Amino acid sequence: MIDRIQKLKKQRNAVILAHNYQVPEIQDVADFVGDSLGLAYHARDTTADVILFCGVHFMAETAKIVNPGKTVLLPDLTAGCSLADSCDAVALAKWKTENPDVVVVAYINCTAAVKALTDVICTSGNAVKVVNSIPKEKRILFVPDQNLGQWVMAQTGRELILWPGACHVHMMFTHKAIFQLRQQHPAAKIVAHPECVAAVRMLADEVCSTERMIRYCRTSPAKEFIIVTEVGMLHRLRKEVPGKIFIPGPTDTCNCSECPYMKKNTLENAVAALENLTPEIVLTEEIRHRALTPIERMLMIGR
Ligand code: 13P
Ligand code: SF4
């Protein structure tokens, strides 16, 4: 499978971009593995003809929006996102009509149709910077993740109107389960994604994007870390930060949390996608064009 994918990559002049939550074997064949922001920059800047995007649908859509001349493939088109599903474009359009003077900041975990209705996009890697770039007197609606939105409010001191969306994977982590695990590992640092609920975030030594988790664990003098996010993250941490111990954050019912959407991509369907040049991300030019402006604003603001 690995040989086939390498051969096909050359034949198709393809680049493989993978999110930190992908299965280890996909991360190991990818040209770049990273968070949503890093993936957006790589997708924009690639000179390859084909982008094999191993992540979820909204991420592959973002790649198509920023680099429309490329063929963007997603191994399984049903690799969605519960958080993106929690904000519907029709409902957001209605809200905007009723609240015309509010600036809309959208977390990148939303559909292209939602992006097209927003003023600026952010990721967990730059949400604080993006919100801080908006004039103080403006009212802001933050969609779709209420947990990330609450965290940004605490970091910026800005009042945000929050869309009531959430990620079903990060909502599973509980204060009780993380607290009990820390008692067994008193020297461990807790690193949590901002999509976790406030009761979990308050236990964390560091709350950050998946990419920043790598930097934090590498530079911290601690030897042991409890990683409170999707379990795929631990593969990169173990590979790139050797000699340290990484423990998956538990929920009340299991010792690790998997995103079922991220796990839809496999080496088999990745090979098939490169072989057949399908399933491909297709967007109307109207939506793509409108979604591009808020993404470009974010890319200008940077990390
Ligand atoms: P990151 O941008 O931090 O990688 O997060 C993406 C995501 O989907 C988290 O659930
Ligand atoms: Fe979406 Fe949550 Fe999966 Fe991230 S972990 S892709 S937010 S469902």
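No value in this document is a laboratory result; all are computed from the given coordinates. Just so it is clear, the structure is predicted and the values come from calculations on it, not from any experiment. We place every Cβ from the backbone using ideal geometry, glycine too, and count neighbours over all the protein chains shown.
Going by what's in this entry, would Asp35 be described as of a type in the set (D, E, K, R), within 16 Å of ligand 2 (Cβ to nearest atom) and more than 23 Å from His235 (Cβ to Cβ)? Lay out the reasoning, then the answer.
Details: of a type in the set (D, E, K, R): yes; within 16 Å of ligand 2 (Cβ to nearest atom): yes; more than 23 Å from His235 (Cβ to Cβ): no.
Here the answer is no, as Asp35 does not meet what is asked.
When Phe32 is tested against (1) farther than 20 Å from Ile287 by Cα; (2) buried (at least 18 other Cβ atoms within 10 Å of the Cβ), only condition (2) is not met.
Only one entry of Lys64, Lys94 meets the criterion of being among the basic types (Lys, Arg), under 25 Å from Gln146 (Cβ atoms) and either in contact (Cβ under 8 Å) with a residue 60 or more places away in the chain or surrounded by fewer than 23 Cβ atoms within 10 Å (Cβ to Cβ) (or both), and that entry is Lys94. When the helices (runs of 4 or more DSSP H) confined to segment 1-110 are screened for residues that are of a type outside the set (A, V, I, L, M) and farther than 24 Å from Val169 by Cα, those reaching at least 2 such residues are found at 2-12, 36-45, 89-98. Looking at Lys223, is it away from ligand 1 (no atom under 16 Å from the Cβ), closer than 12 Å to Pro250 by Cβ and among the charged types (D, E, K, R)? Criteria not met by Lys223. So which residues in segment 213-244 are aliphatic (A, V, I, L, M), farther than 25 Å from Cys81 by Cβ and touching a helix residue (DSSP H, G or I) at 6+ places or on another chain (Cβ under 9 Å)? Once the filter is applied, which keeps residues that are aliphatic (A, V, I, L, M), farther than 25 Å from Cys81 by Cβ and touching a helix residue (DSSP H, G or I) at 6+ places or on another chain (Cβ under 9 Å), segment 213-244 yields only Val241.
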